[in-house]
Amino acid sequence: MDVYDFAMQFEKDGENFYREGARLSANKGLRTILIMLADAEVAHYNTFKGMKEHSPFQPAESPILKDVKNVFVRMKEEGDLEGIEVSELSLYKKAQEIEKRTEEFYLEKASSIENSSEQEIFLRVAGEEKKHYFILQQIIDFVSRPTHWLENAEWYHLEEY
């Protein structure tokens, strides 16, 4: 397998993982965030597919942090704490591990690619994976102490990360 096939497989696995997590989650807000993460992985997959096929492409900057913040704002406004299960923490921690490994893979590959535009794309997607890791940390903190976390003003700055 070449680097694009590996990257596409990482993204496909990530999408499947998040969709399964969304299916299992009983909380509407967390389910929405997991679906957003799955959709982001599809966008990454399509980016690497385009690179592999030498198709002209320009991946767009993802608004995922802003979108996730909006979900948390809505959860706070609606008092949406139903279905939050501490037992789901292992799922989010595993997802974090996957995001970290994927980010490291993309950073490593970016350093070995000579084509500067392709290198930039690998670095950009690595940055997206880092954002996903951060989002998952927010979810872990939230699931651990939902009421306290929603009252904490720090999460209002999600999109600045």
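Quick notes
- Pick from region 79-93, criterion under 16 Å from residue 19 (Cα atoms) and crowded, with 18+ Cβ neighbours inside 10 Å, ranking: modelled with the highest pLDDT: 92
- In the condition set (1) charged (D, E, K, R); (2) open to solvent by less than 70 Å² (accessible area, probe 1.4 Å); (3) touching a Gly at 6+ places or on another chain (Cβ under 8 Å), residue 69 is compliant with all but (3).
The values are calculated or read from the model by the stated rules, or taken from the named source; none is laboratory data. Remember, it's a predicted structure, so these values are computed and weren't measured experimentally. Cβ atoms come from the backbone with ideal geometry, glycine included; neighbour counts cover every protein chain shown. SASA here: full protein model, heavy atoms, side chains in, ligands and nucleic acids out. Shrake-Rupley method; radii C 1.70, N 1.55, O 1.52, S 1.80 Å.
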